[in-house]
Amino acid sequence: MSEPVTIAFAKHGAAPSGVLLVLTDETLTFGREAQKLLKPVLARLSRAIEADRFKGKLGGALDLVAPEGLGVTRLVVLGVGKAAELKPSDFLRLGGIAAGKLPAGTPAAVLVADLPGAKVAAEAAAEIALGARLRSYSFDRYKTRKKEGDTDPVALTLTLAVADEPAAKRAWAERAPVGEGVLLARDLVNEPSNVLDPPEFARRAEALTAVGVDVEVLDDAALSRIGMRALLGVAQGSIKESRVVVMRWNGGKPGDAPVAFIGKGVTFDSGGISIKPAAGMEDMKGDMGGAACVTGLMHALAARKAKVNAVGLIGIVENMPDGAAQRPGDIVTSLSGQTIEIINTDAEGRLVLADVLWYAKDRFKPKFMVDLATLTGAIIVALGTEYAGLFSNDDTLSTQLSAAGQATGEKVWRMPLGAEYDKLIDSKFADMKNTGGRNGGSITAAQFLQRYVDKTPWAHLDIAGTAMASPASDINKSWGAGWGVRLLDQLVRDNYEK
Ligand code: BES
Ligand code: MN
Ligand code: ZN
């Protein structure tokens, strides 16, 4: 599959064609609608269940090719586990699993959203649709040759058969924009750095005007006029210009303070003069995962017309070694006036964020700021690829983010901040230095950022382990995860609309 599936809805009862997908639980019974359809094959199905030792567990599936009497090319029975215990994130996974069961070349599939003893609500159907959409994404725009045996990609329509078609369509109209936001973020992360340089990233962000986002692009001249010298210092060795993009969506009450999202957008992080080792350096094209998430999120909020005032700011630079590059030992004056001694030019993300956080706080006086950054390798050592690191000066915001993480499956784990860590980033020559040594590397990075948020409620998400190169899941097979779009959309939905 190379194009995301097209989602459609139909009322229960229509004759299915193509691939038919039905749900069952651990009792191995079917909902009434599924039962009606399956009548001609029930006997065969129970033999197949037996022969395959299929238990109906969530994630399990049973496949029958060309079952006689059904008029479909294939019947897929998907297990859901315990039907009564299904959470939205389970339906999302289920949608991903369903899409994964559709063989290449399938033009049409019907999933009967029906469970034994439980109704599949419109929201749950929309969650299934979202999971299928996310799973079917692949980034193959630079593949010009097909592998042997590859079929031509075909457009696939997945129809969900539901009890209440208009309600399901309404629920999908709310979810589809979030899916588009995730896919936009994945595209940005997957793009190579020679294509997605800072000016090109800014142009892609500008395209959000189509969904009603107000987009303002600050170029090199504007940034030096403003005084973002910490950010510009990072870009000094690159032939690429830098950009800060301000995206505004005003769907809330006029005059209401906005919520603010800030993203690290290093389109390539070579390390600069403190150059990285060659092995794996290609992954640093994804060092803009934070900015990608903020862009995808702003798309989602605007496209679903969220009742919130939100502002997204992304700092986009390239970090390269060069005769003009910043050196270890250099001292820069940030927008805040605080001075920073550069110890390691590879600790560049915090320098970018320092200026953008300060700017966001000063200009927008937001209710809160959440920043996302592929900031430290140390967070991968600490948490692996399952949880993002959460650092916050505000317990309420922190609790809301943890809850949104549980709800969406984009999980965050709170890490400590504390004045005790401050001495690790004290500098002999300036107000602070940009690294705090090996120990607690993610914490000292967060402690550094905290110096640029003042009293604003703030949370920092270190997404180095989750934004890219994380293991494939039921809803993502691509290198770039688009991580955080669903998390932050949920945060807004649950706490900041109206
Ligand atoms: N972009 C990297 C962090 C990173 C590492 C992201 C691996 C994704 C995967 C960041 O700019 C960086 O280089 N951090 C340094 C900080 C150190 C020099 C204090 C690191 O983690 O080694
Ligand atoms: Mn770096
Ligand atoms: Zn970096």
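Structure notes:
- Residues being over 16 Å from the mean Cα position of the chain (by Cα) and β-branched (Val, Ile, Thr) - total across the range 397-412: 1
- Only a single item in (1) assigned to a helix (DSSP H, G or I); (2) surrounded by fewer than 20 Cβ atoms within 10 Å (Cβ to Cβ) is not met by Thr444, and it is number (2).
- Summed over the range 364-386, residues that are away from ligand 3 (no atom under 16 Å from the Cβ) and either in a helix (DSSP H, G or I) or surrounded by fewer than 20 Cβ atoms within 10 Å (Cβ to Cβ) (or both) total 8.
- Some residue of the range 279-288 being surrounded by fewer than 24 Cβ atoms within 10 Å (Cβ to Cβ), of a type in the set (A, V, I, L, M), part of a loop (DSSP other than H, G, I, E, B) and within 15 Å of ligand 1 (Cβ to nearest atom): yes
- The range 230-275, subset within 12 Å of ligand 2 (Cβ to nearest atom), surrounded by fewer than 24 Cβ atoms within 10 Å (Cβ to Cβ) and aliphatic (A, V, I, L, M), residue farthest from Asp362 (Cα to Cα): Ile275
- Apart from one condition, Ala84 fits all of (1) crowded, with 17+ Cβ neighbours inside 10 Å; (2) assigned to a helix (DSSP H, G or I); (3) under 30 Å from the mean Cα position of the chain (by Cα); the exception is (1).
- If the condition is being more than 13 Å from Arg186 (Cβ to Cβ) and without any contact (Cβ under 8 Å) to a residue 40 or more places away in the chain, then the range 448-498 contributes only Lys455.
- Single residue of the range 342-363 satisfying the filter (closer than 19 Å to Thr376 by Cβ and not aliphatic (A, V, I, L, M)) that is farthest from ligand 3 (Cβ to nearest atom): Asp355
- The range 442-462: number of residues that are within 14 Å of ligand 3 (Cβ to nearest atom) and within 21 Å of Asp330 (Cβ to Cβ): 3
- Close pairs (7 angstrom Cβ cut-off, 6 or more residues apart or separate chains): closer than 13 Å to Arg327 by Cβ and in a loop (DSSP other than H, G, I, E, B) in the range 340-355, more than 11 Å from ligand 3 (Cβ to nearest atom) and of a type in the set (Asp, Glu) anywhere: Ile342/Asp330
- Qualifying positions in the range 109-159 - in a helix (DSSP H, G or I), under 30 Å from Ser193 (Cβ atoms) and not basic (Lys, Arg): Leu130, Leu134
- Of the residues making up the range 419-444, those that are under 30 Å from Gln400 (Cα atoms), in contact (Cβ under 8 Å) with a residue 24 or more places away in the chain, away from ligand 2 (no atom under 16 Å from the Cβ) and not aliphatic (A, V, I, L, M) are Tyr421, Asp422, Gly440.
- Residue count for the range 318-347 under the criterion of being farther than 9 Å from Gly272 by Cα, crowded, with 16+ Cβ neighbours inside 10 Å and either within 11 Å of ligand 2 (Cβ to nearest atom) or among the small types (Gly, Ala, Ser) (or both): the result is 3.
None of the figures in this text is laboratory data; all of them are computed from the coordinates on show. Keep in mind the model is a prediction, meaning the values are calculated, not measured. Cβ: placed from backbone, ideal geometry, glycine included. Neighbour counts: every protein chain shown.
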